[in-house]
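Trainee: Structure incoming, see below.
Just so it is clear, none of the values below were taken in a lab; they were calculated from the coordinates. Small disclaimer: the values here were computed from a predicted structure and weren't measured. Ideal geometry is used to build each Cβ from the backbone, glycine not excepted, and the neighbour counts take in all protein chains shown.
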Amino acid sequence: MRSPWNIRGLKFWPALIVLGVMGTVRLGHADDRQAPDCLLANKTVLYRAYGYDHMVELRNTCPSTVSCELSSDGTEAQQVVVEPSEQKHLLLRRGSPAREFEYRLVCTGGG
């Protein structure tokens, strides 16, 4: 009798499915945002083997430099300077047990 784990000789396909689910990315927007509309921000949650990484991507479409303070619950505030046409990926927390997070973004400039 053929094992259900051995479809066409691929004994490892359940592991591939699990790894695919573990790598799911969630995108969202900040709840507490004080920044110019030309500064685009998206949050991402990526599952790793030991927990969730909380990341924020900032993209400056403003004609001038934007200076920001970025933080979330349980993290120190990061000072970030984003030049015009620049994109930055920032890690807020690595290995968090939480699947979701909210962040605070307070920026000046860009106008």
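Trainee: Can you put Cys68, Cys38, Cys62 in order, fewest other beta carbons within 10 Å first?
Mentor: The fewest-first ordering by Cβ neighbours comes to Cys38, Cys62, Cys68.
Trainee: Using 0.36 nm times the number of residues separating His89 and Val106, minus their current alpha carbon distance, what extension gain do you get?
Mentor: Value of the extension gain: 4.5 nm.
Trainee: Find the eigenvalues of the gyration tensor of the Cα atoms of the stretch 25-109, then list the square roots of 5 times those eigenvalues as equivalent ellipsoid semi-axes, largest first, in whole angstrom.
Mentor: The three semi-axes for the stretch 25-109 are 23, 12, 10 Å.
Trainee: Quick one: which residues, 5+ away or cross-chain, put their amide H under 5 Å from the amide H of Cys62? H built at 1.01 Å from N.
Mentor: Those lying under 5 Å, H to H, from Cys62 are Ser85.
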